[in-house]
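**Q** I'd like to ask some things about the structure below.
The values are calculated or read from the model by the stated rules, or taken from the named source; none is laboratory data. Since we're looking at a predicted model, the values are computed, not measured. Positions of Cβ are generated from backbone atoms using ideal geometry, with glycine treated the same way; all protein chains shown enter the neighbour counts. What goes into the accessible areas is simple: the full protein's heavy atoms, side chains included, and nothing from ligands, DNA or RNA. Shrake-Rupley method; radii C 1.70, N 1.55, O 1.52, S 1.80 Å.
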Amino acid sequence: AQSVSQHNHHVILSEAASLELGCNYSYGGTVNLFWYVQYPGQHLQLLLKYFSGDPLVKGIKGFEAEFIKSKFSFNLRKPSVQWSDTAEYFCAVRSGNTGKLIFGQGTTLQVKP
Amino acid sequence: DGGITQSPKYLFRKEGQNVTLSCEQNLNHDAMYWYRQDPGQGLRLIYYSQIVNDFQKGDIAEGYSVSREKKESFPLTVTSAQKNPTAFYLCASSKSSGLAGIYEQYFGPGTRLTVT
């Protein structure tokens, strides 16, 4: 069965620290990859997505992610986090010809001011 | 404003009662989805619908039912057969879900259901 694994369940950083959240998936075919963010009390919203082309994708608020096909990974990065980045982050994979997304378990990021 | 609305935000029910969660979208999206979010488990797909009058089971459909009589509406019923119904329920929609289109999903604000 297809699955998505986020290795870090809870990350605590100080402001200005660099961030990398891991995401690995288990599917060998063509995939579309997403990172969603859920700020406290807000809707789940899209941070960035990869469909094809340049494996380094840039999203909103300074986030980027790199698709490494050989490693089945799509890690999220940000060079310098802010207190406002405190949120829960979800990696998701879409495979096949349906819109079904498979989500990882989520990573809670807490940024200390 | 275009978007997805879910009502109510909080819902309380007694065990043994069925309850229906509302999801409406005015984005003219073809596909709609229901997810359940539990701490440490991410989002799990309950049901999805690619077109009006059609829907498919997701990964955890047992104890749930849906209907898709209108394009803009996709209500979810949590039946008394659902063994652990207390959760946060999220509705989503996208333009299309087939090969013809690869579109992101937009999410509603969610309904937190508590069953006691």
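**Q** Report, in cubic angstrom per residue, the convex hull volume of the C-alpha atoms of region A:1-67.
**A** Working: hull volume 8.1 nm³, N = 67.
For region A:1-67, the hull spanned by Cα atoms encloses 122 Å³ per residue.
**Q** Which one, A:Ala16, A:Ala92, A:Ala65, has the greatest fluctuation when you compute a Gaussian network model over chain A with C-alpha springs under 10 angstrom?
**A** In this elastic network of chain A, the residue with the biggest mean-square fluctuation among A:Ala16, A:Ala92, A:Ala65 is A:Ala16.
**Q** Over all distinct alpha-carbon pairs, what is the Kirkwood Rh of chain A in angstrom?
**A** Numbers: mean 1/r = 0.0708 Å⁻¹.
Result for chain A, one decimal place: 14.1 Å.
**Q** Have a look at region B:29-45 and report residues whose accessible surface goes down by 50 Å² or more when the remaining protein chains are included, against the chain on its own, probe 1.4 Å, ligands and DNA/RNA excluded.
**A** B:Leu43
**Q** Taking square-rooted eigenvalues a ≥ b ≥ c of the alpha carbon gyration tensor, is region A:42-102 rounded, prolate or oblate, where a/c under 1.5 means rounded and, failing that, a/b exceeding b/c means prolate?
**A** Because a/c hits 1.5 or more and a/b fails to exceed b/c, region A:42-102 counts as oblate.
**Q** Right, something else. On the full set of protein chains, 1.4 Å probe, figure out the accessible area of B:Lys57 and give it in Å² to the nearest 10.
**A** B:Lys57 has an accessible surface of roughly 140 Å² with all protein chains in place.
**Q** Follow-up question, since we're still on this one. If I take every Cα pair under 8 Å that is 6 or more residues apart in chain A, average their sequence separation and divide by the length, what percent do I get for the relative contact order? Kindly include the intermediate steps, with their values, before the conclusion.
**A** Working: 279 pairs, mean separation 42.4, N = 113.
Averaging sequence separation for qualifying contacts and normalising by length gives 38 percent for chain A.
**Q** Treating the beta-carbon of each Lys and Arg as +1 and of each Asp and Glu as -1, no other charges, what is the dipole magnitude of chain B about its Cα centre, to the nearest 20 debye? Don't skip to the end; give the middle numbers.
**A** Working: 12 positive and 11 negative charges, 61 e Å.
It comes to approximately 300 debye.
**Q** Related question: Leaving out ligands, DNA and RNA, what percent of the accessible area of region B:1-96 is carbon and sulfur, probe 1.4 Å?
**A** Values: 2210 of 4840 Å².
The value for region B:1-96 is 46 percent carbon and sulfur by accessible area.
**Q** Using a probe radius of 1.4 Å on protein heavy atoms only, what is the accessible area buried between chains A and B, both sides summed, to the nearest 100 Å²?
**A** Values: alone 6180 and 6650 Å², together 11060 Å².
Summing both sides, the interface buries roughly 1800 Å².
**Q** After finding the eigenvalues of the alpha carbon gyration tensor for chain B, what semi-axes result from the square roots of 5 times each, listed largest first in whole Å? Please report the intermediate quantities before stating the final value.
**A** Numbers: eigenvalues 107, 40, 35 Å².
In descending order the semi-axes read 23, 14, 13 Å.
**Q** Another one. Give the average, rounded to an integer, of partner chain Cβ atoms located within 10 angstrom of each Cβ in B:47-58. Working shown, then result.
**A** Details: counts 0, 4, 1, 2, 0, 0, 0, 0, 0, 2, 0, 1.
Mean inter-chain Cβ contacts per residue within 10 Å come to 1.
**Q** Measuring from centroid to centroid over Cα atoms, what is the spacing of region B:53-67 and region A:35-90 in Å?
**A** 29 Å
**Q** Still on this structure, I have one more. Where is the GNM fluctuation largest for chain B (alpha-carbon springs, 10 angstrom cutoff): B:Gly40, B:Gly58, B:Gly16?
**A** Sorting by GNM fluctuation, first place goes to B:Gly40.
**Q** Please report, in whole Å, how far the alpha carbons of the protein assembly as shown spread along each principal axis, starting with the longest.
**A** Projected onto the principal axes, the Cα atoms of the protein assembly as shown cover 48, 41, 37 Å.
**Q** Eight or more residues apart or on different chains, and alpha-carbon atoms under 25 Å: count the Lys pairs in chain A matching that.
**A** 18
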